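The values are calculated or read from the model by the stated rules, or taken from the named source; none is laboratory data. All figures in this text were calculated on a predicted structure; none of them were measured in a lab. So basically every Cβ, Gly included, is an ideal-geometry build from the backbone, and we count neighbours across all protein chains shown. For the accessible areas, the whole protein counts, side chains as well, though only heavy atoms, and no ligand, DNA or RNA atoms are used. Shrake-Rupley method; radii C 1.70, N 1.55, O 1.52, S 1.80 Å.
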Amino acid sequence: PATAPTLTTSEPGQISTNTVATSPVKPTPVISAPSTSQSSEFEGTMAPNSLTTEEDSDSDVDLFTDLSRHTIQFSVSAHTERVYFYDYAGRYLEDNCLLQDITDGSQLPDLLAGSARHLEAAQHFAKHWDNISKATKTKLYSRVITDLEEELKKLYDSRVVSTTRHTRGPAPGNLPDTVTLVRNINVGKKKVEVEQSFTPAGDPLCTSCSKVIIKMRNSEGNPKLHPTTNCKLTKLPFQGRFCSLECSKSYGIKANSHFVRNILFGLELGVCQICGLDTSQLIRQLRLGEWEERAKLLNSTILRSLTERQKKNIVEKPTEGLLWQADHIIPVAEGGGGCDIENYRTL
């Protein structure tokens, strides 16, 4: 065994040397730095702690979103028809303009004027947006959209396929053991009986989406299921039948053709989506003329192809119900029944 000298002090000013046995000392391995002339096995890869900027990266695709860093996204306002621009990560770019400005190129924002790639994407979006019906646009307003065709496909795939023209009764609930009761609600000055689903605890479910609207409890705090709860429900918004305005509107479209006509007229103003005839303006002109003038005016439009009986009814009493109808884009027989407003058009 190797020995190592130790220094001990016996007396002040004297130093003596003694030998003490120690355990064998293992040599410490020496790690030499790799030569710069030799290629490393990690050559060409990024070090774990290194950072790269967007300019240094060779890839233009974000690994988390699968979107190109040059991509811009669009969102159209339902109130002003202005289009707002977002980057690939969904951040607002503090720039917007009218759709008409993109189409004619008269007053382009700096974001589009400074990039041919962004301008081309915006023009492609504006062109396809103009070809969508106003009823369909109501489902796309305020959405941040990258690919308009993809959004339309999602909207089409999410529709309910039904060969029944109108929805009747509450929507099928997702909760087990639901109970359907008959309620009395106020429609104008009349009392109308409607069906509504309840949970076993007596909580009313939304007639459109089947979500619990409110927790109903009696004075002891125990669950209560009884038709007399109708008195409490009628004091709630929508008389306790719907959880939101959107659900109330959606169910009205699916269940009431008169409601559909009112909504559709507010969107398309009675203009035929195929031939472009403004039936609202035609009605005003017909009501101002005499019988012969009405017949002459009617025969000068595309409606001259109607039967003589139909034209006679229009001339005698011009009304909206005789001039246009809420047409199903996808026919009811092909699964377009019980649909929302995007499947309707003025015809």
Gain on full stretching of the segment that runs from ARG287 to ARG304 - 0.36 nm per residue minus C-alpha separation: 4.4 nm
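Taking 56 Å as R0, compute the FRET efficiency from the Cβ-Cβ separation of GLU149 and LYS191 and round it to 0.05.
Details: r = 48 Å, r/R0 = 0.86.
Between GLU149 and LYS191 the formula returns 0.70.
What FRET efficiency would be calculated for the residue pair SER162, ILE329, taking the C-beta separation as r and a Förster radius of 25 Å, to the nearest 0.05? Each step should come with its number before you reach the end.
On the way: r = 14 Å, r/R0 = 0.57.
The pair SER162/ILE329 has a calculated efficiency of 0.95.
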In segment 89-134, the trypsin sites (Lys or Arg not before Pro) that fall in loop regions by DSSP, at most 16 other Cβ within 10 Å: ARG91
Net charge contributed by nearby residues that have their C-beta within less than 11 Å of ASP110 (K/R +1, D/E -1): -2
Residue-normalised accessible area of segment 95-153, given per residue in Å² at a 1.4 Å probe: 55 Å²
Whole-percent carbon and sulfur share, accessible surface of segment 204-347, 1.4 Å: 53 percent
Largest to smallest accessible area among HIS79, HIS258, HIS128 [probe 1.4 Å]: HIS79, HIS258, HIS128
P(r) of segment 86-176 over all Cα-Cα pairs, binned every 10 Å from zero, in whole percent: 12, 37, 27, 12, 10, 2
Per-residue SASA entry for GLU334, accessible area with 1.4 Å probe, Å² rounded to 10: 130 Å²
With 5 Å bins from 0: P(r) over segment 301-347, alpha-carbon pairs, percent: 5, 19, 22, 16, 13, 16, 10, 0
LYS296, LYS211, ranked by accessible area, largest first (probe 1.4 Å): LYS296, LYS211
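When the chain is fully extended, how far beyond the present Cα-Cα distance does GLU246 get from LYS127, taking 0.36 nm per residue of separation? Please report the intermediate quantities before stating the final value.
Details: separation 119, 0.36 × 119 = 42.84 nm, distance 2.89 nm.
Computed gain between GLU246 and LYS127 is 39.9 nm.
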Interchain or long-range residues, amide H under 5 Å from ASP203's placed H: MET216
Residue order for ASP157, ASP278, ASP110, ASP101 - accessible surface, 1.4 angstrom probe, largest first: ASP110, ASP157, ASP278, ASP101
Cross-link reach list, lysines versus LYS190, counting only Cα pairs under 26 Å and skipping chain neighbours closer than eight places: LYS232, LYS235, LYS249, LYS254
